[in-house]
1. Taking the options G102, G125, name whichever one is modelled with pLDDT under 80, of a type outside the set (F, W, Y) and in contact with a Phe, Trp or Tyr (Cβ under 6 Å, 6 or more places away or on another chain).
2. Which pairs have Cβ atoms under 8 Å, sit 6 or more apart or on different chains, and link a residue in the stretch 52-63 that is among the polar types (S, T, N, Q) to one that is open to solvent by 50 Å² or more (accessible area, probe 1.4 Å)?
3. May I ask you to list the residues in the stretch 110-122 that are farther than 15 Å from K166 by Cα and assigned to a helix (DSSP H, G or I)?
4. Quick check on my filter: what residues within the stretch 115-146 are out of contact with any strand residue (DSSP E or B) (no Cβ under 9 Å at 6 or more places or on another chain) and among the β-branched types (V, I, T)?
5. Of all residues in the stretch 137-152, which are open to solvent by 20 Å² or more (accessible area, probe 1.4 Å), in contact (Cβ under 8 Å) with a residue 12 or more places away in the chain and assigned to a loop (DSSP other than H, G, I, E, B)?
6. Can you report the number of residues in the stretch 50-88 which are under 19 Å from S110 (Cβ atoms) and of a type in the set (S, T, N, Q)?
Amino acid sequence: MWLKEFNVDGFRFDMTNYIPDDVLRELTNHVYATKPGAITIAEDGRPSNHVTLPAKDGGLGFWAKWNFDFHHHAKSSASGRPHMNAPTDPASLSWLFEKGFGGYLPQMNSLYDGVNYFESHDEVGNHDGQRSNVKLTREKLVVASVLKFLVPGIPMTWQGEEKDKKNPFYFFVDYSD
């Protein structure tokens, strides 16, 4: 329905590492059969390149997957606090340019498989709701945000990040009041 009636270009599937591979393969096959050229993106934290391998080659067939390595390293470097055990030293970002993609593990199949992001609904909403531009100096935020456009991959800007929006984003809300 979404592809045919509403002409949606594609889908982002959440937490795909918790969905059985055969179900994911069936989903991507169905999307491509229904609308050739559609985009499928996996939010998948597994350190494996099978997520973006074509289904005919034993993969899941996703068009791209979130590049968690980029996010963790950029966040750690910009904040000066370890994020998911990534180093805080800005020099640790050198792998982005030396290896180009995939981080420390060969998670990607090409330069275009990874979605590079600095901020998302999870990182803001699942914590205190405060965006990075409220927590970081402008200089650090600019450097970290610009990196996602310079590193090979697909840059993702999240909900007002490009306009320096400061309003909080609370993923979990209590409507009791």
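1. When all the criteria are applied, what remains is G125.
2. The qualifying pairs are T52/W63; T52/N109.
3. D122
4. Once the filter is applied, which keeps residues that are out of contact with any strand residue (DSSP E or B) (no Cβ under 9 Å at 6 or more places or on another chain) and among the β-branched types (V, I, T), the stretch 115-146 yields V124, V134, T137, V142, V143, V146.
5. Scanning the stretch 137-152 gives a single hit, P152.
6. Counting residues in the stretch 50-88 that are under 19 Å from S110 (Cβ atoms) and of a type in the set (S, T, N, Q) gives 2.
The values are calculated or read from the model by the stated rules, or taken from the named source; none is laboratory data. Predicted, not measured: the structure shown is a model, and the values here were computed from it. Methodologically, a virtual Cβ is constructed for each residue, glycine included, from the backbone with ideal geometry; neighbour enumeration extends over all protein chains shown. Note: accessible area is taken over every heavy atom of the protein model, side chains too, but ligands, DNA and RNA are not part of it. Shrake-Rupley method; radii C 1.70, N 1.55, O 1.52, S 1.80 Å.
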